[in-house]
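The values are calculated or read from the model by the stated rules, or taken from the named source; none is laboratory data. The shown structure was predicted, so the numbers you read here are calculated from the model rather than taken from an experiment. As a convention, Cβ positions derive from the backbone with ideal geometry for all residues, glycine included, and neighbour counts pool all protein chains shown.
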Amino acid sequence: MHGPTPDQISDARAVTEDALIRTPVLALRSARWDAILPQAASVTVKLELFQQAGSFKSRGVYLGIRQLTPDQRAAGVVAASGGNHALAVSWAAQAAGVAARIAMPRTVDPLRIDGCRALGAEVSLHDDMPAAFAEMDRVVTDEGRAILHPFEGAHMTLGSAVCGAEYLDQAPQIDTLVVPVGGGGLISGVATAAKRRDPAIQVIGVEPVGADSMTRSLAAGHPVRLDRIDTIADSLSAPMAMPLSFAAARAHVDRIVHVTDDQMRTAMRHYMDVLRILAEPACAASLAAICGPLRDDLAGRHVGIIACGSNISLGRYQQILS
């Protein structure tokens with residue numbers, strides 16, 4: 001089977017136990033939730049937005065930093081990211097005493113740029129994500145830094161598998177997991193952990209309509225690159241799938257559904273109105289799916305969703321909802 005083994009997941013849980021947060025799981029149980037969730041379903045949400053650096057990304061990045069050689073640690077790390085991964089790399093590098101360089105688009109929410117700098121990372125700003133990735137490649141060539149990729153890497157899948165295994169321990173009744181998909185780093189690990197625990201657990205991915213690289217890759221039978229991205233969910237805006245995460249997703253994910261920007265906006269409002277959570281679009285994607293395209297399909301099921309992270313300023317939040 002693709003993805004980490006149960007022993008690897010168990011070992012990684014032990015390694016990360018002290019540094020990372022066992023994020024809470026909340027049952028969505030009230031009259032207000034009953035009105036919008038699938039009928040007769042029990043729904044829980046794992047609040048990964050309370051993880052170190054504000055997202056699930058810190059799990060895999062922490063493992064990636066740990067596996068650096070002494071020479072790599074001395075040279076430092078580099079990443080290209082416009083979102084949660086940048087903050088996770090900045091946090092993990094600072095904790096390990098490793099220098100971090102982050103290439104980001106200049107249009108990124110200033111909260112994320114300031115957050116990376118506050119954690120000691122050196123940030124460079126570029127016209128767009130392709131330019132940021134080009135800068136990352138230049139830094140590798142010129143400075144010999146190690147790349148910490150946003151989603152492609154055994155350590156990223158393993159970190160997400162730890163998240164999935166932890167969730168199933170906290171909510172063992174779950175028979176369906178609904179997981180956001182950007183590049184595939186989260187769902188590849190969560191799905192692997194779930195299927196190794198119980199092959200009958202259904203794993204459903206959620207992609208924005210305007211950023212469906214995993215759906216197209218699964219249809220083609222190999223990773224593909226998108227020509228255009230069009231979604232408010234910048235944390236789910238990977239322009240391509242890549243071999244490792246694609247293989248695990250193909251092996252373990254049952255299906256993928258799509259949500260529109262307006263459906264994510266509605267879910268953001270639900271999180272604010274009921275839980276007073278300031279959720280970015282990616283954070284709200286799973287909720288958008290179970291209240292939208294999956295609402296009838298999941299009636300009577302024991303559903304687990306993941307609020308994958310939320311690093312968003314109030315200004316950007318209001319701009320999106322307006």
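Quick look at the numbers
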item: Any chance Arg228 is loosely packed, with under 15 Cβ neighbours inside 10 Å, among the basic types (Lys, Arg) and within 20 Å of Phe151 (Cβ to Cβ); result: yes
item: The range 304-319 - residue that is touching an Asp or Glu at 6+ places or on another chain (Cβ under 8 Å) and among the hydrophobic types (A, V, I, L, M, F, W, C) and, of those, farthest from Ile36 (Cα to Cα); result: Ile312
item: Test: residue in the range 225-237 that is in contact with a helix residue (DSSP H, G or I) (Cβ under 9 Å, 6 or more places away or on another chain), closer than 30 Å to Asp7 by Cβ and in contact (Cβ under 8 Å) with a residue 12 or more places away in the chain; result: no
item: Exclusive hit being outside the structural domain of Val77 (by TED's automatic domain parsing), in contact (Cβ under 8 Å) with a residue 24 or more places away in the chain and under 23 Å from Ala93 (Cα atoms), set Val162, Val140; result: Val162
item: Residue check, Arg250 assigned by TED's automatic domain parsing to the domain that holds Thr23, among the basic types (Lys, Arg), crowded, with 18+ Cβ neighbours inside 10 Å and under 25 Å from Asp175 (Cβ atoms); result: yes
item: Elements of type strands (runs of 3 or more DSSP E) in the range 1-109, at least 2 residues being crowded, with 24+ Cβ neighbours inside 10 Å and without any contact (Cβ under 8 Å) to a residue 40 or more places away in the chain; result: 100-105
item: Segments classed as helices (runs of 4 or more DSSP H), wholly inside the range 113-218, with at least 3 members that are buried (at least 18 other Cβ atoms within 10 Å of the Cβ) and of a type in the set (Gly, Ala, Ser); result: 154-170, 185-197
item: Checklist (1) surrounded by 24 or more Cβ atoms within 10 Å (Cβ to Cβ); (2) under 21 Å from Arg301 (Cβ atoms); (3) in contact with a Ser or Thr (Cβ under 9 Å, 6 or more places away or on another chain) applied to Ser235, failing item; result: (2)
item: Answer residue from the range 285-322, given it is small (Gly, Ala, Ser) and within 21 Å of Gln170 (Cα to Cα) and is modelled with the lowest pLDDT among those; result: Gly309
item: Positions within the range 300-322 being part of a loop (DSSP other than H, G, I, E, B) and over 19 Å from Gly115 (Cα atoms), in sequence order; result: Gly300, Arg301, Ser322
item: Residue selected from the range 276-322 under the condition hydrophobic (A, V, I, L, M, F, W, C) and free of Cβ contacts under 8 Å to residues at least 40 places away in the same chain, by the criterion surrounded by the fewest Cβ atoms within 10 Å (Cβ to Cβ); result: Leu314
